[in-house]
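Here is the structure we will look at, set down as structure tokens.
Since every read-out is calculated from the coordinates, none of them should be taken as a lab result. Because the structure is predicted, anything quoted here is derived from the model rather than measured. In this analysis, Cβ positions are derived from the backbone assuming ideal geometry, glycine residues included, and neighbour counts consider all displayed protein chains.
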Amino acid sequence: MTGGVVDVGKPREGDVPLSGSERTPRSGFRAVGPADPNEPVRVVIKLAPKQELPDPATLGALPPRERPSLESLERHEQEYGARQADVDAVTAFAKDRGLEVEDADVASRMVVLTGTVQSMSEAFGVSMQRYQADGGEESYRGREGHLHVPRELEPVITAVTGLDDRRQVRALSATATQPSITYRPDQLAGIYGFPSAGNGSGQCIGLLEFAGGYQQSDIDAYFSQLAIKQPTVTAVSVGGHKNSPGSEADGEVTLDIDVAGAAAPGAQIAVYFSTFTSAGWVEAITKAIHDATNRPSVLSISWGWVEFESAGTLAWTPQVMDEVDTMFKEAANLGITVIVAAGDDGAEDNINDGKPHVNYPASSPYVLSCGGTTLVAENGQRQSEVVWGYGARSDGPGHGSTGGGISEHFPIPSWQTGASVGVPKSAGTGFAGRGMPDVAADADARTGYWMLLGGQMQPNGGTSAAAPLWAALIARINQQLAATGANQRVGYFNPLLYSTLGQSSAFHDITEGSNDTHGNLGAYSAKAGWDACTGWGAPNGTQLATALAGQS
């Protein structure tokens with residue numbers, strides 16, 4: 001340290017590298033100097049659970065009626081929260097190194113620390129720099145290499161986020177300039193045969209948002225114009241980040257609320273506002289899963305980022321991806337269905353390097369990954385439905401396409417290995433990874449959704465619209481399950497989807513089209529059964545509800 005500027009953060013004697021915490025510069029960015037030593041930093045730390053979380057695949061292979069009674073949030077936290085001794089050790093480490101402890105929660109395994117760039121650099125033995133885009137103004141605070149912690153804490157800490165504040169996710173909505181068909185979300189619920197017996201009453205749909213906000217006047221006007229019962233919408237602040245309309249991200253937030261609310265108007269909607277950094281992501285999903293006030297039964301996520309930002313450069317560190325996946329595993333064990341948009345930039349996922357890529361968190365094996373279609377319906381009836389993408393009712397590349405493909409990080413799960421599924425290896429590396437998406441719904445903005453933004457009704461689309469539509473369907477099915485008196489929800493049902501449901505009348509199989517947006521990857525195309533464009537297809541909601549309720 002010279003002249004009051006931190007240029008090197010050296011580990012203390014006895015400190016060791018924290019496994020999985022390594023960072024490399026974002027592709028296309030370069031270090032331009034040390035970060036301001038007085039800049040405030042907020043760090044979110046996750047700790048190991050008391051005991052290993054159960055594998056939800058066994059329960060997920062059973063219809064909800066055959067599963068044991070749903071475990072309560074409180075009991076889950078008692079069994080799988082952090083050890084008090086581990087929390088105490090981390091807080092003692094923080095105080096010893098001059099950091100403030102904002103929060104230390106055993107139940108959610110989370111400790112939040114605050115300090116300055118200088119104090120954080122010294123505490124974790126790392127140098128923080130400013131990185132700027134080559135030829136651009138975008139910049140971020142970042143670091144290179146591993147973080148360092150005392151040897152006894154290395155097996156205790158599973159993730160440290162917040163030192164690096166690079167953009168971690170982006171919205172996945174698609175705006176149409178010349179839509180040919182536009183649907184109301186409640187019309188799509190009818191076209192897809194959502195069960196008419198319920199409207200989502202008694203359920204909470206959680207929406208995770210990482211920028212922007214909504215105007216209450218827009219929400220009021222939208223449901224008034226549609227003459228639909230207006231759902232209760234609650235904004236939940238995460239890490240001090242509140243509903244803050246006034247940016248281009250407002251369209252994503254508003255679209256999520258409009259779609260979920262119009263397709264399940266009886267449901268409560270909790271909107272969790274955080275930032276697009278890794279720390280914001282970790283804290284948001286933690287808060288949503290452990291929300292004892294709103295208790296969402298389904299989460300919808302319309303944001304994502306490629307597993308690999310570019311060749312050899314991780315956008316997500318392995319540590320953060322694995323920790324987020326542990327939280328999705330928690331959600332699965334708690335009976336929370338997590339639905340994630342698969343992406344809107346085809347099999348290349350907007351990287352344009354001639355290789356296939358997939359979006360995270362849609363590639364997680366513990367979420368329901370949602371792809372997109374181009375839907376034509378008349379008088380409430382499906383006429384045709386194909387892959388949203390190049391070669392399917394498209395006049396060429398440039399109009400968006402559903403994400404899909406094979407993960408390069410997560411191995412293929414057991415429930416996807418059957419020959420009847422036919423998940424291929426990655427067209428880029430040959431890796432036998434988790435195939436995505438699992439399901440699909442209308443996403444092409446040219447056959448898209450009506451939303452209301454800035455006082456004006458306008459068309460929109462993307463897999464970020466398909467995801468909250470699916471969330472509304474799950475909420476309505478959960479309402480039906482609750483009406484039977486069973487303490488159960490749809491929850492995590494991927495294993496059941498791949499063993500029986502996907503090949504049943506609960507889905508409309510999509511067999512035409514491709515998400516090879518530039519036609520140069522050789523992957524992926526629609527086929528009968530599961531494919532890496534639309535999964536098992538679009539829902540036949542009533543049939544799916546009947547199957548999940550265990551009725552003939």
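Points to keep in mind about this one:
- Relative to the longest principal axis of the Cα atoms of the chain, the long axis of helix 250-263 makes an angle of roughly 40 degrees.
- Positive-end residue, the range 400-552 charge dipole about Cα centroid, Cβ charges, pick of G502, A486, M457: A486
- For the chain, share of DSSP beta bridges that run antiparallel, in % to the nearest 5: 65 percent
- Between the amide H of Y360 and those of W305, V306, E307, distances stay under 5 Å, these residues lying 5 or more places away or on another chain, with hydrogens modeled in the peptide plane.
- Per-residue [θ]222 nm for the chain (sum of -39500 (n - 2.57) over DSSP H runs n ≥ 4, rounded to 500): -7000 deg cm²/dmol
- Just so you know, the Cα atoms of the range 15-161 work out to an Rg and Dmax of 19.1, 59 Å.
- Couplings 3J(HN,Hα) of the range 358-373, computed from phi: 10, 8, 10, x, 5, 7, 5, x, 9, 10, 8, 7, 10, x, x, 10 Hz, in residue order, whole Hz [Karplus 6.51 cos²θ - 1.76 cosθ + 1.60, θ = phi - 60°; x for Gly and Pro].
- Taking Cα centre as origin and charging only the Cβ of basic (Lys, Arg, +1) and acidic (Asp, Glu, -1) residues, the dipole magnitude of the range 149-302 rounds to 220 debye.
- For K95, the aspartates and glutamates whose Cα comes closer than 18 Å to its Cα, not counting residues fewer than 8 places off in the same chain, are E13, D15, D86, D103, D105, E122, E152, E154.
- Under 5 Å between amide hydrogens, built in the peptide plane, is the criterion, and for V16 it picks out V149, R151 among residues at least 5 positions away or on other chains.
- Estimated FRET transfer efficiency (D88, S414; beta-carbon r; R0 41 Å; 0.05): 0.60
- Whole-number Å³ per residue for the convex hull built on Cα positions in the range 415-552: 145 Å³
- Placed amide H near A441: partners under 5 Å, 5+ positions off or other chain: G371, G372, T373
- Distant alpha-carbon pairs in the range 1-102 (separation over 19 angstrom), percent: 68 percent
- Axis of helix 318-333 versus longest Cα principal axis of the chain: the two differ by about 50°, to the nearest ten degrees.
- A DSSP coil position with no more than 11 other Cβ atoms inside 10 Å describes the following GluC sites (Glu not before Pro) in the range 117-159: E137.
- Computed magnitude of the charge dipole of the range 15-161 (debye, nearest 20; Cβ of K, R +1, Cβ of D, E -1): 240 debye
- Legend: ranking of residues T337, T58 from fewest to most surrounding C-beta atoms inside 10 Å; resulting order T58, T337.
- Gyration tensor verdict on the range 424-491 (Cα atoms; rounded if a/c is under 1.5, prolate if a/b is larger than b/c, oblate otherwise): oblate
- Three-way shape call for the chain based on the alpha-carbon gyration tensor, with the a/c threshold at 1.5: prolate
- Think of the chain as having a plus end and a minus end, set by charges on the Cβ of Lys, Arg, Asp and Glu; of I219, N243, W281, I219 sits farthest toward the positive end of this dipole.
- Residue-by-residue Karplus 3J(HN,Hα) for the range 152-167, coefficients 6.51, -1.76, 1.60, Hz, glycine and proline x: 6, 8, 4, x, 8, 8, 9, 6, 10, 10, x, 5, 9, 10, 5, 4
- In Hz, Karplus ³J(HN,Hα) per residue of the range 341-347 (6.51, -1.76, 1.60; θ = phi - 60°; x = Gly, Pro): 5, 7, x, 10, 10, x, 5
- Straight-distance candidates among the lysines for linking to K527, with alpha-carbon spacing under 23 Å and chain neighbours fewer than 8 residues away dropped: K355, K425.
- Taking Cα centre as origin and charging only the Cβ of basic (Lys, Arg, +1) and acidic (Asp, Glu, -1) residues, the dipole magnitude of the chain rounds to 800 debye.
- Nitroxide proxy distance, nm - points 7 Å out along Cα→Cβ at E71 and A221: 4.7 nm
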